[in-house]
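One structure is given here, and the rest of the page talks about it.
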Amino acid sequence: MKSRAIQNLSIRHKVSGLVLVSVLLALVLCCAAFCANHYLYAKESMAQEMGSLAEVLGANAAAALVFDDPDTAGQLLSSLRRQPVITSAQVHDSDGALFCQYSKDDASTSSSPRIEPGVTTRNGELMVCRGILDEGDELVGYITLSVGLDVINDRLARYAAIMVVVMAVSLVLSLSLAWPLQKSLTGPLLALADAAETAGEHEDYSIRVEQSSKDEIGTLCSQFNRMLSRVEESEREIKAAHELLEERVEQRTAELSRANESLNAEISERQRAEEELEQSHRDLVDAARRAGMAEIATGVLHNVGNVLNSVNISASTIGERLSNPRRRQIDRVIELLEANRDRIGEYLTVDGQGKHVPAFLAEFADSLAADDRGLIDETRTLAENIDHIKAIIATQQSFAGSVGLLESLDLNSAIEDALRLNATSFTRHSVAVVRELGDLPLVVVDKPRLMQIVVNLIKNAKEALAEHESEKKVLTLRSYSSGDEVVVEVADNGIGIPAEGLVKIFNHGFTTKKNGHGFGLHSCANAARQMGGSLTVASEGLMRGATFTLTLPMQAREPAAETVS
Amino acid sequence: MKARPGNPYSASYAVAAVAIGLTLAASPVLAQGPAAPVATREYRIKAAYLYQFSQYVGWPEKAFASKTSPFVIGIYGTNPFADAAKTIAKKKKVGKRPIEFRVLKSPSAATKCHIVFVPSRVTPENLKKLLVLKKNKSILVVGESGGFIDSGGDVQFFLMENKVRFAINQKAVKAAGLPVSSKLLTLAKPAPPHFRRSEPPRR
């Protein structure tokens, strides 16, 4: 952190700092050494001085010690009053007990214990202790003199003050003397820095630095100048290249926009063609439908005609039976009987003609019974034929609206056809189509129905994707066979279906679209059922896509019993 | 050394007295000392002082028989110093001369001594004889009886504030031709009045 701050200083400050630091360091070290030396020397000389004073005093105090006269010794110590440096003095006898003492401030310091002979520094005081010998050179006691080191410290403080003044003066002097030198050093460098800054800021590489000296800085300046001229040159080149490039880009852009226009024209052309194609396709489908219906009508009428033949025969037979000649003979018998009413018994038994009437009546009854039986048979045949016609008409009615023309086809190609119909809108909504089409056997199905379902599912998925604002819109078409069924899956990652919607999505009238009528999926599901298959849906929820699964039998099958209402 | 007559105290009491200190030692009864060869503190100090006087007073060479002859300290009459005198004699020297303590039976024996100590028990007659004998001789006569200086002695011991002090009769010392160190003179005190009477006070 600190070193970074130093690094960021300008060279001028660094040079000043160098001068300052070196001068200061030298001065401080010198002064410190001087002060230390002086301190030690002063202390030593003071110790010596005190030592001789202690010896003199001790010699004088020896007699007082020997004759146990502390008062006299005390008077002796009082003479130290003429030496204000000495703060206190003590005389101890040879056993170490305090004999007498002196204090500069007369504040009788509590009897301090005797210290070892020699020089001791304690509590900011220099203490000198000497043994006292009597006339017989025998140790009789000790004298201790204490000197405050304040004197030395005061002197040192004075030296320090002088040192500070000297330092300040020498700093000012060294800085003012170093100024021209520093200027000659930093001047060219600063000029160089200025030039570099100008060049960098204004991108003006035409400036040059004045080469004032022949030292390293001079070399630096000339190298900098050379570098600048190189930069200038290469910048010119870059500019030229840039202009050329711009020109080319402009050209290319113009070309592209031209191409784009022609492409647009082509696209609109193609759209028109597509619309025409669609129209003709619709017409064709209509025509086919009408043709189919005519064909069916012909077939049905042919069948009905056939049956009507039989009906006609039955009706003729009944008519013939009813015009039986015996029925007219009965009228003649009745007349005969009317004529012979008065003598009916005689007539029937006697008369030659009348005798045959009962036999005739019996024969007539037999013949009538046989006729009745034939009539009943014919009537039954007639009823059967009428039923047949009814059945033909009913069959035709069951196929009305969706003619079941079964054909064998490749399901994958049907899927491709359905995709092709929606291809343009995929690009418009930037939907990626993923095909995962498996190998499938040919399937016998009603192609228009199948196409109706697949196209509807793809259209639904595309709309679900268009409403979703996701970045990556993917439509996945999957086909595979499973057992005796083929499966087509249409999956998208679009807006998805909420859970409650899954239940009623195939219901008539259910829709999530603004312009929907809720019929598409309903009719798709019905169509799937009619083909013997099923249509199911799965979704993980809103905004999480949906998958529709169409399952069809490989062989055409009877439609499932119930249809979704 | 002889035991003093009429001493009612045993040796153990004397040891106790030494231990207790000057207060008891200063009492005249005890000052008389026990029969045991152990000196009281007072006489221990006095013995030491006698030796120290030899350090601060100069004797002319003619006072000694030869260069090796001893420095003689005479004790007149009875010896109250007991073992203290022996200890000093064993350990100390005056210059290069050994120290010899002698007990003087008669005043005339004092002429061969350099210092003569006169205990307080001395009779006025014997003291007078001694002082007469001393005249014009390099003998330092030290006493402890009241008025010892006034009667012509050189140095007189007395007790003050429980300490042994001494007074110096400078005239007598000068007459004896003994130079006394100024250091000793500064330590000398005038004897208090009750020590100046001819009879020692009963304290």
*Can you list the HN-Hα couplings for the range B:159-171, worked out from phi with the Karplus curve (6.51, -1.76, 1.60; θ = phi - 60°), rounded to whole Hz and with x for Gly and Pro?*
9, 9, 6, 6, 10, 7, 10, 9, 10, 10, 8, 4, 4
_Sequence-separation-based contact order of the range A:170-223, relative, with Cα cut under 8 Å and 6+ spacing, percent_ = 29
_For the range A:445-492 and the range A:313-349, distance of Cα centres in Å_ = 81
*asked:* If I histogram all Cα-Cα distances within the protein assembly as shown using bins 10 Å wide from 0, what percent of pairs lands in each bin?
replied: 2, 8, 9, 7, 5, 4, 4, 5, 5, 5, 4, 4, 4, 5, 6, 5, 4, 3, 2, 2, 2, 1, 1, 1, 0, 0
*Among rounded, prolate and oblate, which fits the range B:64-137 when a ≥ b ≥ c are the square roots of the eigenvalues of its C-alpha gyration tensor, a/c under 1.5 means rounded, and a/b larger than b/c means prolate?*
oblate
*What is chain A's relative contact order, in percent, from Cα pairs under 8 angstrom and six or more apart in sequence?*
7
*Linear extension gain, A:T511 paired with A:D410, 0.36 nm per residue minus alpha-carbon span*: 33.2 nm
_Probe radius 1.4 Å, ligands and nucleic acids left out: which of A:I132, A:I238 has the largest accessible area, and how do the rest follow?_
A:I238, A:I132
*Chains B and A, summed buried accessible surface - 1.4 Å probe, Å², nearest 100*: 1400
*Can you give the helix-only mean residue ellipticity at 222 nm for chain A, where every DSSP H stretch with n ≥ 4 adds -39500 (n - 2.57) and the sum goes over all residues, rounded to the nearest 500 deg cm²/dmol?*
-22000 deg cm²/dmol
*asked:* Taking θ = phi - 60°, what integer Hz values does the Karplus form 6.51 cos²θ - 1.76 cosθ + 1.60 yield along the range A:304-309, in sequence order, with x for Gly and Pro?
replied: 4, x, 4, 5, 4, 3
_Length released on extending from A:F364 to A:V21, taking residue separation times 0.36 nm less the Cα-Cα span_ = 107.2 nm
_Antiparallel %, DSSP beta bridges [both residues in the protein assembly as shown], to 5_ = 75
*Between the alpha-carbon centers of the range A:128-174 and the range A:237-300, tell me the distance in whole angstrom.*
112
*Going by accessible area, probe 1.4 Å, with all protein chains left in place, what is the ranking of A:C31, B:C113, largest first?*
A:C31, B:C113
*Among the aspartates and glutamates, which have Cα under 12 Å from the Cα of B:K112 when same-chain residues fewer than 8 positions away are ignored?*
B:E100
*Roll a 1.4 Å probe over the protein chains and send me the accessible area per residue for chain A in Å².*
62
*Quick one: if the Förster radius is 25 Å, what FRET efficiency do A:R380 and A:R327 give, using the C-beta to C-beta distance and rounding to 0.05?*
0.65
_Restricted to Cα positions, what overall size does the range A:237-278 have along the principal axes? Three whole-Å values, descending._
59, 9, 5
*Using a 1.4 Å probe and counting only protein heavy atoms, arrange A:H468, A:H429, A:H302, A:H92 so the residue with the most accessible area comes first.*
A:H302, A:H429, A:H468, A:H92
*Too-long pairs where the Cα-Cα distance tops 30 Å, listed order kept, from A:K14/A:K214; B:K105/B:K174; A:K43/B:K189; A:K104/B:K174; B:K128/B:K174*: A:K43/B:K189; A:K104/B:K174
*What's the center-to-center distance, using Cα atoms, between the range A:533-548 and the range B:83-126 in Å?*
143
*Ranked highest first by average number of other Cβ atoms within 10 Å, how do A:47-58, A:218-229, A:162-173, A:485-496 line up?*
A:485-496, A:47-58, A:218-229, A:162-173
*Just how much of B:L187 is accessible, in Å², when a 1.4 Å probe is used and the result is rounded to the nearest 10?*
10
_the range B:118-203: antiparallel DSSP beta bridges as a percent of all, rounded to 5_ = 65
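The values are calculated or read from the model by the stated rules, or taken from the named source; none is laboratory data. Worth saying up front: this structure is predicted, and the values here are computed from it rather than measured. Every residue, glycine among them, receives a Cβ derived from its backbone with ideal geometry; neighbour counts consider all protein chains shown. We work out accessible area using only protein heavy atoms, side chains counted, and drop any ligands, DNA or RNA first. Shrake-Rupley method; radii C 1.70, N 1.55, O 1.52, S 1.80 Å.
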